[in-house]
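Student: Okay, here's the structure, questions in a sec.
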Amino acid sequence: MTCWSCGKPPGAGAFCEACGKVQPAAPGSDHFAALGLERRFAIEAAEIERRYRNVQRRLHPDRFVTKSVPERRLSLQRATAVNDAYRTLKDPLKRAEYMLALEGMPADGEASPDLLAEILELREELDAAKSAGDAARIGELRAHVRRQQDDTMSAIARAFEGSAPAQAAALVHRLRFIARFLEDASGTVEARVQCPRS
Amino acid sequence: MPAILTIHDPLRPTARPVGIDLGTTNSLVAWVDHCAPKTIAVEGASALLPSVVHYAADCSIIVGDRAKALAPDHPRDTIVSVKRFMGRGGDDEETRRLGPYDLVPGGSVVRFRVTGREITPVEVSAEILRVLKARAEQTLGTTVTQAVVTVPAYFDDAQRQATKDAGRLAGLEVLRLLNEPTAAALAYGLDRAAPDRRPNGLYAVFDLGGGTFDVTILVLDDGVFQVKSTGGDTALGGDDMDRAIARLLFERIGVDPTGASPSLTRRALDAAREAKHELTEAGSTIVRLEGREIPLERGEVDATVAPIVARTTAPVRRALADAGVGPAELDGVILVGGATRMPIVRRHCEELFGQKPLADIDPDQVVALGAAIQADLLAGEGRPDDVLLLDVNPLSLGIETMGGVVERIIGRNSSIPTAAAQVFTTYAENQTGFKIHVVQGERELVDDCRSLARFELRGIPPMPAGLARLEVELVIDADGLLRVTAKELTTGIEQQVEVKPSYGLTDEEVERMLLESFEHGSADVGERLLREVRVEADRILAAIRLAIGRDADLLDDAGKAAIDAAMEALEAAKTSRDHRAVQELVEALDAASREFAGKIMNRSIARALEGKSVDEVG
Ligand SMILES: [Zn+2]
């Protein structure tokens, strides 16, 4: 590898060690590399936010307005990739799906009958609470499912750490149902039926 | 060019970037003076230029207070609140609301008929920008060619593109289209008057202007302003309240608003606006309209506008949900826009967020101040590395698929710049073209979303059906504007993409307007020359005053007297209609100040060589 600008070895960072010019992302680098994170499922949300802002501080196109055309183009490419990585990794469900894809494991298997029965029951309870206008019950249901979400995420983390992607895939399936349930149970219901006027 | 204007302070570029708030009701221009943003006086001592443009019968164009005064008598030839028409089609619902204009029906852009010709909102906005540019040049004594122009965060692609076109038409390079709430946050976050009062944290910006409503949730973290979510309504603002109050006034005087003359409509809207302003402070007021005195209580006006204020609720709730935060987690709520002065709006805002909002920076000026800071940062003159804005796209972007269903490609509130690719296959033998319809909005069906553009891909190599694989990439740049590229994957051939914007002007149309604005017939060449020489006169006068203030010691008494006399003569002749006479006096002043200019040049070069800035020395 040589630097596009000075021809010397640029080193592993985003900027050439010899001349300081921004470099293209290393071929085959993934979303974790884009944010300078280790590839693992268990990451604190705050850590992703912190890394994201620090990377953009150096790579965002606003930093390159007065620079040369190739530098501006590279900054745009890298900032776009960083935003893509951020969008994927900050959402635990998308992060898990992405990790499965990296492992070559399809994440769209069949839901187990047990899972379907459980979700169906929760949905019926939610609908009943909603039509009764029972906010306290909705809150309880939400808290209950949130705990399930936390448990499922811990289990997914363990499955990935233990190199058991098939097990992770089944759990990701469960996480997807949980996410959909929480979305329906949250206050976004009103917002989702509203169309932005334009 | 006069010598005094060509002096390059070697340590400072001559052209200055400015920030412009192109508002529905008022427009402002600001710049950064020694790290502090300041607005520039544009209308007498006021920084507010009413966003009103009057097209006179003699083809002259009047902008600002004088245009506003002409509006009641010339309601059709005076365009008020043009921002509401930016990027909209002639048949748009918003276009047909209560107003006095003579509009050309249909079309992909709104066209006003004024004094026998048709003009578009982009051209009207360009007139406002031209005045702001000229005033900034007079005040700063330099040319102004670059600007950051603010737009409502919830503006769609067509509205953003129209704003950028207006800048181009006014001779401005638009460095960035900056979202208004983000600009306001920047001004607050970097407020030098209160550096310790804006700690890192989570903020909401509640921006209710003349025509648009935005709400933005953002994080401030050591100089990085990261927008988490944004929501709003580009057809909700103080103007809607004016219309509701005007309807109330019509009711009181027993006039059917649909039958009212354009002039009466204009006067009723102006009276409504005035009453609204008075009731911000007072509990009651008396409106005069059609020779009648109509008493109004704040309570009844509040009841009239309450449904409009209530329309801010859903966007606020959704923005909070999209950011994944509750109101209690917010460290502060920032108020922006003139309509947030109204007690009913403040009360509503306080209820929504459960806390008292911040309003210590003038809500009319805060957006322009933020835009100036961003202009300064982008031009590389501001703080080196510690401030950065990370914004999002406000609306989801999708592609029309079979059955008129939207396939979402980029979700709303994605950090920009962003890109997403989608692969399509051909469905016919030897198909060489492909059509893609891009829409913006949150609904499932194409008909319920806003059509952005139709792209036609050409030059696909002929192949059996389903073999050609087209990768279409949608890119949203840092201005929030869309670009589309396409590639055939098996051959790697880049496709030509022909864009047909659903709303707005084509590139060729903007180009033609630009040419027309240069030529504009031989009839008003004299008028143009006169205006240009007046601008030049103002610039040289401002530059010399600045130079005398800084380097008076370089002038001897005789030199000073000669310059003073030439300045006085030019000042007196500036209002003359004879452009040649003014030009001659500009040249005389230039001659009188040439020696002085040379001395300043030598001094600044000497200082540059010493490595000290003029400010340090002086
Ligand atoms: Zn290098």
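The values are calculated or read from the model by the stated rules, or taken from the named source; none is laboratory data. Not measured: the values here are computed from a predicted model. Reconstructed Cβ throughout: ideal geometry from the backbone, glycine too, with neighbour counts over all protein chains shown. These accessible areas exclude ligands, DNA and RNA; they are computed on the full protein's heavy atoms, side chains included. Shrake-Rupley method; radii C 1.70, N 1.55, O 1.52, S 1.80 Å.
Student: If we scan the stretch B:411-421, do we find a residue that is away from every other protein chain (no Cβ under 12 Å) and charged (D, E, K, R)? Spell out the reasoning first.
Tutor: Quick first cut of the stretch B:411-421, residues away from every other protein chain (no Cβ under 12 Å) only: none.
Within the stretch B:411-421, not a single residue is away from every other protein chain (no Cβ under 12 Å) and charged (D, E, K, R).
Student: For the stretch B:64-101, which positions are of a type in the set (A, V, I, L, M, F, W, C) and part of a loop (DSSP other than H, G, I, E, B)? Don't jump to the end; show me each part of the working.
Tutor: We begin by selecting, within the stretch B:64-101, every residue of a type in the set (A, V, I, L, M, F, W, C); these are B:67, B:69-71, B:79-80, B:82, B:85-86, B:98.
Hits for the stretch B:64-101 are B:71, B:86, B:98.
Student: Only one residue in B:204, B:244, B:235 is more than 12 Å from every other protein chain (Cβ to nearest Cβ) and either within 24 Å of residue B:412 (Cα to Cα) or at pLDDT below 90 (or both), so which one is that? Give the derivation first.
Tutor: Working: B:244 fails: either within 24 Å of residue B:412 (Cα to Cα) or at pLDDT below 90 (or both); B:235 fails: more than 12 Å from every other protein chain (Cβ to nearest Cβ).
Residue meeting the stated conditions: B:204.
Student: Could you go through the stretch B:217-231 and let me know if any residue there is under 24 Å from residue B:356 (Cβ atoms), touching a Phe, Trp or Tyr at 6+ places or on another chain (Cβ under 7 Å), within 14 Å of chain A (Cβ to nearest Cβ) and surrounded by fewer than 24 Cβ atoms within 10 Å (Cβ to Cβ).
Tutor: yes
Student: Within the stretch A:1-9, identify whether any single residue is modelled with pLDDT under 95, among the polar types (S, T, N, Q) and within 16 Å of the ligand (Cβ to nearest atom), and answer yes or no.
Tutor: Yes, that holds for at least one residue.
Student: Among the residues of the stretch A:17-41, which ones are more than 16 Å from the ligand (Cβ to nearest atom) and either without any contact (Cβ under 8 Å) to a residue 24 or more places away in the chain or among the basic types (Lys, Arg) (or both)? Explain how you work it out, then say what you get.
Tutor: Filtering the stretch A:17-41 down to residues more than 16 Å from the ligand (Cβ to nearest atom) leaves A:27-41.
Answer for the stretch A:17-41, where residues must be more than 16 Å from the ligand (Cβ to nearest atom) and either without any contact (Cβ under 8 Å) to a residue 24 or more places away in the chain or among the basic types (Lys, Arg) (or both): A:27, A:28, A:29, A:33, A:36, A:38, A:39, A:40.
Student: In addition: Just to check your reading of the model, which residue among A:44, A:103, A:49 is open to solvent by less than 50 Å² (accessible area, probe 1.4 Å) and either within 16 Å of the ligand (Cβ to nearest atom) or under 28 Å from residue A:175 (Cα atoms) (or both)?
Tutor: On the way: A:44 fails: open to solvent by less than 50 Å² (accessible area, probe 1.4 Å); A:103 fails: open to solvent by less than 50 Å² (accessible area, probe 1.4 Å).
Answer to the selection: A:49.
Student: Quick one: which of B:429, B:400 is more than 8 Å from chain A (Cβ to nearest Cβ) and in contact with a Pro (Cβ under 8 Å, 6 or more places away or on another chain)? So that I can check it myself, show each step before the final result.
Tutor: On the way: B:400 fails: in contact with a Pro (Cβ under 8 Å, 6 or more places away or on another chain).
Only one candidate qualifies: B:429.
Student: Right, another one. May I ask you to list the residues in the stretch B:294-325 that are open to solvent by 20 Å² or more (accessible area, probe 1.4 Å) and not in a helix (DSSP H, G or I)?
Tutor: B:295, B:297, B:311, B:324, B:325
Student: May I ask you to verify whether residue A:72 is surrounded by 16 or more Cβ atoms within 10 Å (Cβ to Cβ), touching a Leu at 6+ places or on another chain (Cβ under 6 Å) and on the phi < 0 side of the Ramachandran plot? Outline the logic, then answer.
Tutor: Details: surrounded by 16 or more Cβ atoms within 10 Å (Cβ to Cβ): yes; touching a Leu at 6+ places or on another chain (Cβ under 6 Å): no; on the phi < 0 side of the Ramachandran plot: yes.
So residue A:72 fails the test.
Conditions tested, residue by residue: (1) more than 30 Å from residue B:146 (Cβ to Cβ); (2) open to solvent by 70 Å² or more (accessible area, probe 1.4 Å); (3) in contact with a strand residue (DSSP E or B) (Cβ under 8 Å, 6 or more places away or on another chain).
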{"position": "B:287", "(1), (2), (3)": "yes, no, yes"}
{"position": "B:331", "(1), (2), (3)": "yes, yes, yes"}
{"position": "B:342", "(1), (2), (3)": "yes, no, no"}
{"position": "B:346", "(1), (2), (3)": "yes, yes, yes"}
{"position": "B:364", "(1), (2), (3)": "no, no, yes"}
{"position": "B:375", "(1), (2), (3)": "no, no, yes"}
{"position": "B:380", "(1), (2), (3)": "no, no, no"}
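Student: Can you find a residue in the stretch B:87-102 that is more than 24 Å from residue B:159 (Cβ to Cβ) and of a type outside the set (Phe, Trp, Tyr)? Lay out the reasoning, then the answer.
Tutor: So the first thing to find is which residues in the stretch B:87-102 are more than 24 Å from residue B:159 (Cβ to Cβ), and the list is none.
Scanning the stretch B:87-102 turns up no residue that is more than 24 Å from residue B:159 (Cβ to Cβ) and of a type outside the set (Phe, Trp, Tyr).
Student: If residue B:360 passes every condition in (1) under 21 Å from residue B:273 (Cβ atoms); (2) away from chain A (no Cβ under 11 Å) but one, which one does it miss?
Tutor: Evaluating residue B:360 over (1) under 21 Å from residue B:273 (Cβ atoms); (2) away from chain A (no Cβ under 11 Å) leaves (1) as the failure.
Student: Given the residues B:50, B:17, which is the only one that is touching a Lys or Arg at 6+ places or on another chain (Cβ under 6 Å) and open to solvent by less than 40 Å² (accessible area, probe 1.4 Å)?
Tutor: Working: B:17 fails: touching a Lys or Arg at 6+ places or on another chain (Cβ under 6 Å).
The unique qualifying residue is B:50.
Student: Which one of these is within 14 Å of chain A (Cβ to nearest Cβ) and basic (Lys, Arg): B:311, B:341?
Tutor: Only one candidate passes the filter, namely B:311.
Student: What number of residues within the stretch B:128-168 satisfy the criterion of being open to solvent by 10 Å² or more (accessible area, probe 1.4 Å) and either closer than 19 Å to residue B:28 by Cβ or in a loop (DSSP other than H, G, I, E, B) (or both)?
Tutor: Selection size over the stretch B:128-168: 15.
Student: OK, next. If the requirement is being surrounded by 18 or more Cβ atoms within 10 Å (Cβ to Cβ), within 16 Å of the ligand (Cβ to nearest atom) and under 25 Å from residue B:222 (Cα atoms), which of these qualifies: A:14, A:81? Let's see the steps before the verdict.
Tutor: Details: A:81 fails: within 16 Å of the ligand (Cβ to nearest atom).
Step by step, each of A:14, A:81 is checked, and only A:14 is surrounded by 18 or more Cβ atoms within 10 Å (Cβ to Cβ), within 16 Å of the ligand (Cβ to nearest atom) and under 25 Å from residue B:222 (Cα atoms).
Student: Next question. Mind listing whichever residues of the stretch B:173-183 are over 12 Å from the mean Cα position of the chain (by Cα) and hydrophobic (A, V, I, L, M, F, W, C)? Write out each step before concluding.
Tutor: Step one: list which residues in the stretch B:173-183 are over 12 Å from the mean Cα position of the chain (by Cα), which gives B:173, B:175, B:181-182.
Correct list: B:175 only.
Student: Right, another one. Collect the residues in the stretch A:124-135 that are open to solvent by 70 Å² or more (accessible area, probe 1.4 Å) and part of a helix (DSSP H, G or I), keeping them in residue-number order. Spell out the reasoning first.
Tutor: Of all residues in the stretch A:124-135, those open to solvent by 70 Å² or more (accessible area, probe 1.4 Å) come to A:124, A:127, A:130-132, A:135.
Across the stretch A:124-135, the qualifying residues are A:124, A:127, A:130, A:131, A:135.
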